[in-house]
1. Charges on Cβ only, +1 for Lys and Arg, -1 for Asp and Glu, centred on the Cα centroid of the range 26-137; of 85, 35, 97, which one is farthest towards the dipole's positive end?
2. Place +1 on the Cβ of every Lys and Arg and -1 on the Cβ of every Asp and Glu in the range 86-205, take the dipole about the Cα centre, and give the residue among 196, 130, 144 whose Cα lies farthest towards its positive end.
3. Hey, can you grab everything whose amide H is under 5 Å from the amide H of residue 149? Only 5+ residues off in sequence or another chain; H modelled, so Pro and N-termini drop out.
4. Work out, step by step, the length gained on full extension between residue 175 and residue 66: first 0.36 nm times the residue separation, then minus their alpha carbon distance; give nm to one decimal.
5. Along the Cα→Cβ direction, 7 angstrom out, place labels at residue 85 and residue 99. What is the inter-label distance in nm?
6. What is the gain in length, in nm to one decimal, between residue 132 and residue 110 on full extension, counting 0.36 nm per residue of separation less the C-alpha to C-alpha distance?
7. Using the alpha-carbon atoms, what tilt in degrees (0 to 90, nearest 10) does helix 166-199 show relative to the longest principal axis of the chain?
8. Carbon-plus-sulfur fraction of the accessible area of the chain, 1.4 Å probe, in percent?
Amino acid sequence: MSPNYMRSFSEGCLRPPTVIGQFHTLFFGSVRMFFLGVLGFAVYGNEALHFSCDPDKREVNLFCYNQFRPITPQVFWALQLVIVLVPGAFFHLYAACKSIKQEDILQKSFYTGFYIFSVFLRIILEAVAFWLQIQLFGFRVNAIYMCDVGALEKKFNITRCMVPEHFEKTIFLIAMYTFTVITVVLCVAEIFEISCRRLGFLKTQ
């Protein structure tokens, strides 16, 4: 791919054709990623090291932590951010290859429909991620986790495990849910803005 295509692709990703889309890029690219990258590491970075069970043995702690966290929240949210970026990136890659200017996207019905479709996909992916997050993490992190260690062939089947910084993790969970809701609202608002521009209620950029 030539440098011109790469430049057009990067400009399209950073400067979508709508005002709300540009705000979404700013919100998505700065606030959400900063929150996950910096604060997420501070809250979840050493969770496995401080996760302890009774008896406090390495094999029990490791087994129960893997049961408690089938996937770590940082990995899940990082995958969510990457996957949600795919529809928009695919559209802007197509626009770059076809040499479509950003101001022309809202002028032609095919380009507009393609762009709206990418926004709809973003909404669907966010909704699926929201549901998966509920299934995996719930809305609250309890201080005590009851672990089933029957597979380790111990004398006991259930052991108590202490979850470190459970209150901070609960706040972080709520924040990530909130970010997902805000992203979906921005996507819906972006579709509304496109509709208004196509109908002539707003001036095209």
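1. Farthest towards the positive end: 97.
2. Working it through, the farthest residue towards the positive pole turns out to be 196.
3. Those lying under 5 Å, H to H, from residue 149 are 158, 159.
4. Details: separation 109, 0.36 × 109 = 39.24 nm, distance 2.39 nm.
Contour length minus Cα-Cα distance gives 36.9 nm.
5. 2.8 nm
6. 4.6 nm
7. It works out to around 20 degrees.
8. Numbers: 7930 of 11810 Å².
In the chain, the share of accessible area belonging to carbon and sulfur is 67 percent.
The values are calculated or read from the model by the stated rules, or taken from the named source; none is laboratory data. Because the structure is predicted, anything quoted here is derived from the model rather than measured. Glycine also receives a Cβ, built like all others from the backbone with ideal geometry; neighbour counts cover every protein chain displayed. Calculation scope for accessible area: heavy atoms of the full protein, side chains included, ligands and nucleic acids excluded. Shrake-Rupley method; radii C 1.70, N 1.55, O 1.52, S 1.80 Å.
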